[in-house]
Amino acid sequence: MSTAYVTCPLCEATCGLRVTLVGEAIRSVRGDDEDAFSHGFICPKGASLKALQEDPDRLRQPMVKRRGQWEAVTWDEAFEEIGNRLVPVVAAHGPDSVAFYLGNPSSHNLGVMLYGRALYRAVGTHNIYTAGSVDQLPKHFSSGYLFGDPMTIPIADLDRTQHLLVLGANPLVSNGSLMTAPDVRRRLKGIRARGGKVVVVDPRRTRTAEVADEHHAIRPGTDALLLFALVNVIVSEGLVDLGRLADHVTGLEAIATLAAPFTPEAVAPHTGITPNATRRMARELAQAERAAVYGRIGTTTQAFGTLASWLVDVLNIITGNLDREGGVMFPLAAAGQTNSSAAPRKPWRHGRWRSRVRGLPEVMGELPVATLADEILTPGPGQVRVLVVVGGNPCLSTPNASRLDEAVQTLDLMVSLDVYLNETSQHADVILPGPAPLERDHYDVTFTQLSVRNVANWSPAVSETDLLQEWQTLLRLVGIVTGLGPRADIAALDDAIASETAARYGLDPAVVDDRRGPARLLDLMLRGGRYDLTLADLESAPHGVDLGPLRPRIPEVLSTPGHTIDLVPEAITTDVPRLAAVLGTAPPDGLVLIGRRQLGSNNSWMHNISPLVRGSNTCTAQLHPDDAARLGLANGSAAVVCSRSGAVTVPVEVTATVRPGVVSIPHGWGHDAVGARTAVASQHPGTNSNVLADDLLLDAPSGTAVLNGIPITVTPAGGDVAWTA
Ligand SMILES: Nc1nc2c(c(=O)[nH]1)N[C@H]1C(S)=C(S)[C@@H](COP(=O)(O)OP(=O)(O)OC[C@H]3O[C@@H](n4cnc5c(=O)[nH]c(N)nc54)[C@H](O)[C@@H]3O)O[C@H]1N2
Ligand SMILES: Nc1nc2c(c(=O)[nH]1)N[C@H]1C(S)=C(S)[C@@H](COP(=O)(O)OP(=O)(O)OC[C@H]3O[C@@H](n4cnc5c(=O)[nH]c(N)nc54)[C@H](O)[C@@H]3O)O[C@H]1N2
Ligand code: SF4
Ligand SMILES: [Mo]
């Protein structure tokens, strides 16, 4: 028997796990009580890592589709196939004919994080798409313009705050996002135990709302109105207090002017929150000793995602809570953080290029995935003919999913780096499988930058694998696109990347010459970071290194002109008139669709693990009893839900936890694709809610899809359907 300690790479919480092995075989995966950050917390998904690794459907060999049939092939054959088909397309149609889609697991994958860029850069395409444009892009956008860098995102200092205002997040189920914090339940309890208050704004009475002091059931898509009203009250009642930020903030008068029309009375018919409640919310926030406003996916994937994301931080700033203990603060990560590197930094901007068909601006080097199908289907120079999907399932997770599903079938070549043959990868010509989470080295370079506490934790692979590591796969692809061929010497490519990384930190790559791959790059990044750390230090600390609570970082963290925060960046305020126009209209009275996350789900891809698709983890349309009665729908009856982009049939779940006028269907279901090989998931298919998400509805500045607040109609389908469909 042996024991290994690793960080779970499945979600942002970064829990420490204790893996017990008998010989090579995994016996159990439990929470690591000694982990410096998570102290033993684990969720059902982390506990399923053994089942995931042993899942017979998980791909263990590269696959090539020939005459419509899948064949397991060697790595060399797979790369030959890609080389033979990719190179002529790029030669004939240029780099923009190749598109990449990077899914959520890419951001949890050290190899992909450190080596992916080499591939995208080598291709030189403008057609980069990621799950960010169905997720957090508005927060990057507003942070880029407020603080100078899109990864300079203030994080709620959960463990010291006295007042937490949560909008559009359900961390008790999602385990937190843009707020790396294992065991949020304990941390929220802590706020209340020290006499503080937790307020939740959400169209559903979620688990998080249930443990809060107060819940306001807002009408979807109206958070920017509510937040503006909070600013309005704080300004008009003289509650603005910049504290020690006074010398670093400009635009206070302008923000007051912008907020003027958004009185609690003006916004109330739209938000559904009374003027009295709004005023009280504003006063309590401003008067709390230490407060944090935190908005997540309910505030980003909606019609005013950028304005809402911006106003969250405007509130944090004007109440003096930015960059102070117990407010919202900037993490100082041990490795890979742009805003803590010594190199000079240029202020960030977006819109350096636009999408070909709809003219949508680039944000952080990517284009909105809502327009990927347009780019594939619309002929002309720059048309996308090749799609490389890296750890993504866009046929389930992006808007107007049916159209994208049809579009990818017209490509000249599609390559999926994936661990399953599923709804998206079934359309690929070549699938390059990645190792299971416990078969690869891990360090969370992304989410240590978004953490409520500074920590560093290295996880060497627990199990061996015959599969190529994904950084090796990516370098083989670099070899193909740079003309070195499908059998390129990737050791030389790796050396070149290490030299480049070392140069960025003014280091000699020879200092880490005993290492290769991601471990070498990470060692360089740690050495170039602001703590005196090497990878060897982390290797000798299996439960992680605690680098302490967050500390104030303004002005050093800012890369804006003059190291100041302009409260009213033009790229953001230009969208205010679109919001103000709402005030002059009657609130819409039709039904709107929102999503919800479920404890046993991980977006679309862990439904093949049978313990995770039991109990409440089913795909239902939740409706308020009043709406159900009016529409003639009962619990368990089938409803047809229609939007501009499509229609689905879903079983109804009548519950007073959703606000009247709102229907909630979780995303990530719809595992009935005939070409997929996921035996368990296909027994629990559910329905693809993104058939209903309209690819034409976007947050204007960032191009992020509206996944919450989609206009729909609901009618009885006649007959019942089983809840597990
Ligand atoms: N309606 C609606 N839609 C949504 C959302 C919503 O709230 N509502 N949420 C959105 C959000 S926040 C996100 S992040 C996206 C997620 O969207 P995606 O990233 O497109 O989807 P995932 O379900 O995360 O799919 C991940 C894919 O990666 C594969 N995979 C898993 N591990 C690995 C690995 O280690 N290597 C490789 N190569 N592949 C791997 C899985 O098999 C799966 O095919 O969905 C978005 N879609
Ligand atoms: N178990 C589980 N955990 C996950 C995931 C998963 O699929 N399953 N996915 C992971 C990913 S990729 C992400 S990005 C994070 C997301 O993490 P969270 O943002 O915490 O995700 P959700 O649980 O979807 O919470 C969003 C909440 O917003 C509410 N909402 C919807 N519309 C509106 C609105 O207009 N205004 C307001 N105020 N609220 C609204 C919804 O009712 C919901 O409760 O979760 C991560 N963790
Ligand atoms: S909460 Fe997230 S990081 Fe923690 S065990 Fe669950 S999936 Fe893994
Ligand atoms: Mo996400």
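Quick one: Cα centre-to-centre distance for region 191-216 and region 76-106, in angstrom?
Answer, in whole Å: 48.
Hey, any idea what % of region 1-54's accessible area is carbon plus sulfur with a 1.4 Å probe?
49 percent
Taking the Cα atoms of region 491-540, report the difference between the largest and smallest coordinate on each principal axis, in whole Å and largest first.
29, 21, 14
If Lys and Arg each add +1 and Asp and Glu each add -1, what is the summed charge of the other residues whose beta carbon sits under 11 Å from the beta carbon of PRO105?
Net local charge, PRO105 excluded: -2.
Compute the accessible area per residue over the chain, keeping the other protein chains in place, probe 1.4 Å, unit Å².
35 Å²
Got a sec? Charge dipole of region 586-716, +1 on Cβ for Lys and Arg, -1 for Asp and Glu; which of LEU612, LEU696, PRO587 is way out at the positive end?
LEU612
Sort out for me the Cα centre separation of region 430-452 from region 237-258, rounded to whole Å.
Distance between centres, Cα-based: 41 Å.
Looking at region 284-382, which chymotrypsin sites (Phe, Trp or Tyr not before Pro) are DSSP coil and have at most 14 other C-beta atoms within 10 Å of their C-beta?
Passing sites in region 284-382 are TRP353.
Which values, in whole Å and largest first, are the semi-axes of the equivalent ellipsoid of the chain obtained as the square root of 5 times each eigenvalue of the Cα gyration tensor?
37, 31, 26
Explain nothing, just compute: Karplus ³J(HN,Hα) = 6.51 cos²θ - 1.76 cosθ + 1.60, θ = phi - 60°, for every residue of region 699-708 in order, whole Hz, x for Gly and Pro.
5, 4, x, 9, x, 6, 5, 7, 10, 10
Which order do peptides 252-265, 233-246, 132-145, 313-326 fall in by mean Cβ count within 10 Å, highest first?
Listed from highest to lowest mean packing, they are 132-145, 313-326, 252-265, 233-246.
Among residues other than ALA254 whose Cβ falls under 14 Å from its Cβ, what is the net charge (Lys/Arg +1, Asp/Glu -1)?
-3
With the full set of protein chains in place, find how many percent of the accessible area of region 491-540 is carbon and sulfur; take the probe as 1.4 Å.
The computed percentage sits at 48.
Name the residues whose placed amide hydrogens come within less than 5 Å of the amide hydrogen of SER637, ignoring near sequence neighbours (fewer than 5 apart) on the same chain.
Amide H neighbours of SER637, under 5 Å, 5+ apart: VAL652.
How much of the accessible area of region 608-659, probe 1.4 Å, is carbon plus sulfur, in whole percent?
C and S fraction of accessible area: 51 percent.
Report, in listed order, any pair from LYS50/LYS139; LYS45/LYS189; LYS50/LYS189 with a Cα-Cα distance greater than 28 Å.
Result: LYS50/LYS139; LYS50/LYS189 exceed 28 Å.
I'd like the Karplus ³J(HN,Hα) series for region 392-406: coefficients 6.51, -1.76, 1.60, θ = phi - 60°, whole numbers in Hz, and an x wherever there's a Gly or Pro.
x, 9, x, 5, 10, 9, 10, x, 6, 4, 5, 5, 5, 4, 6
Kindly write out, for region 33-43 in residue order, the coupling ³J(HN,Hα) from the Karplus curve 6.51 cos²θ - 1.76 cosθ + 1.60 (θ = phi - 60°), rounded to whole Hz, with x marking Gly and Pro.
Result, ordered by residue: 4, 8, 4, 4, 10, 9, 6, x, 5, 8, 10 Hz.
Which percentage, to the nearest 5, of the DSSP beta bridges contained in the chain is antiparallel?
Here the share of antiparallel DSSP bridges comes out near 50 percent.
Suppose every Lys and Arg Cβ carries +1 and every Asp and Glu Cβ carries -1, with no other charges. What dipole size does the chain come out with about its Cα centre, to the nearest 20 debye?
1060 debye
Tally Lys/Arg at +1 and Asp/Glu at -1 over every other residue whose Cβ is under 14 Å from the Cβ of ALA92; what's the total?
Here the count lands on 0.
How big is the C-alpha Rg of region 1-62 next to the rule-of-thumb value 2.2 N^0.38 Å, as a ratio?
Ratio of Rg to 2.2 N^0.38 Å for region 1-62: 1.16.
Would you compute, from DSSP H runs of 4+ residues alone, the mean residue ellipticity of the chain at 222 nm, taking -39500 (n - 2.57) per run and dividing by the full residue count, rounded to the nearest 500?
Calculated mean residue ellipticity at 222 nm is -8500 deg cm²/dmol.
Between Rg and the Kirkwood Rh of region 154-329, both from Cα atoms, what is the Rg to Rh ratio?
Ratio value, two decimals: 0.93.
The values are calculated or read from the model by the stated rules, or taken from the named source; none is laboratory data. These figures come from a predicted structure and were not determined experimentally. Here Cβ is always computed from backbone atoms with ideal geometry, including for glycine, and neighbour counts include all displayed protein chains. These accessible areas exclude ligands, DNA and RNA; they are computed on the full protein's heavy atoms, side chains included. Shrake-Rupley method; radii C 1.70, N 1.55, O 1.52, S 1.80 Å.
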